[in-house]
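See below for the structure under consideration.
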Amino acid sequence: MTSSVKFDKLAAHYDAARGGEGRGHMTAATISPHLAPGPVLEVGVGTGVVAAGLAALGRTVRGVDVSQPMLDVAAKRFDGELLIGDGMALPFDDASQDNVVYVHALHLMADMTAALTEAARVLRPGGRVVIRHGDPVADVDDLVLILRQVQAMQPARPDEPDAVRAAAEAAGLRLLRQGLEPEYESGMNPDTFIALITNRQVPFLQRLEPEQAAEVVAPILEQLRALPEPQRVRRQAWSCWLTAAEKPV
């Protein structure tokens with residue numbers, strides 16, 4: 001069986017490019033209303049920012065990830081159960097979980113339908129899967145225009161809404177909700193974005209040789225360096241897709 005994507009090399013600096021605990025708590029608040037009563041299993045828990053946010057909202061949370069370095073970071077901010085494991089073969093008994101959550105992680109699984117079938121296996125009847133997925137979108141400003149160019153450079157994502165809905169239904173789950181919904185707010189200035197790109201903290205750049213990565217991002221860096229007020233933070237409100245589904249009783 002093909003395993004899911006790991007982020008071992010990015011673990012120490014992963015949150016710097018993604019908003020850290022602040023973003024995690026905002027995302028958790030958008031997920032919580034769609035959960036069934038009971039504990040939550042986050043698949044692809046990563047550095048634990050969303051799990052910590054859900055725990056702060058009163059949920060009992062456990063997390064699974066294929067990357068031990070990511071789990072080591074998570075353990076410093078989150079005292080829930082953290083297990084090494086792949087979303088393609090969850091280390092839990094049948095019908096043992098009340099909720100399964102994926103936060104921008106489902107597309108990293110080797111096969112979305114197989115991953116959601118595995119989620120359905122471990123869910124109790126009436127349990128729910130909640131997924132945040134897809135590229136984030138925000139109102140346009142000068143930095144967002146450049147961010148869109150970076151998004152366009154990346155490989156096509158498999159977690160488009162129609163594909164996620166089809167995978168959930170193929171796994172035997174009943175769709176409850178799907179829509180483009182607010183997820184988090186963030187702020188970044190051009191200088192910070194330049195540093196993230198230069199240091200190859202954007203995941204797809206990690207898969208390129210340094211010389212190739214430098215060539216790919218050269219036009220982006222040129223545009224960023226030309227922006228006025230390079231230290232002024234641009235604030236954006238980002239929306240992403242949310243899909244919620246239920247295991248039939």
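Residue by residue through region 188-206, note down the ones that are farther than 21 Å from His107 by Cβ and among the hydrophobic types (A, V, I, L, M, F, W, C).
Within region 188-206, Met188, Phe193, Ile194, Ala195, Ile197 qualify.
Are there any pairs with C-beta distances below 6 angstrom linking a residue in region 28-49 that is closer than 15 Å to Ala244 by Cβ to a residue that is small (Gly, Ala, Ser) and assigned to a strand (DSSP E or B), with the two at least 6 apart or on different chains, and if so which?
Every condition considered, the pairs that remain are His34/Ala244; Ala36/Gly127; Glu42/Gly63.
Going residue by residue through region 98-113, is there one that turns out to be open to solvent by 20 Å² or more (accessible area, probe 1.4 Å), closer than 17 Å to Leu242 by Cα and of a type in the set (Asp, Glu)?
No, the conditions are met nowhere in region 98-113.
Can you tell me which residue among Val66, Val100 is more than 29 Å from Ala237 (Cα to Cα) and among the β-branched types (Val, Ile, Thr)?
Val66
What number of residues in region 62-79 are over 12 Å from Val49 (Cα atoms) and either open to solvent by less than 40 Å² (accessible area, probe 1.4 Å) or touching a strand residue (DSSP E or B) at 6+ places or on another chain (Cβ under 7 Å) (or both)?
Total satisfying the criteria: 6.
Only one residue in Arg234, Arg132, Arg177, Arg128 is under 30 Å from Gln97 (Cβ atoms), modelled with pLDDT of 90 or more and open to solvent by less than 40 Å² (accessible area, probe 1.4 Å), so which one is that?
Just one listed residue meets the conditions, Arg132.
The values are calculated or read from the model by the stated rules, or taken from the named source; none is laboratory data. Predicted, not measured: the structure shown is a model, and the values here were computed from it. So basically every Cβ, Gly included, is an ideal-geometry build from the backbone, and we count neighbours across all protein chains shown. These accessible areas exclude ligands, DNA and RNA; they are computed on the full protein's heavy atoms, side chains included. Shrake-Rupley method; radii C 1.70, N 1.55, O 1.52, S 1.80 Å.
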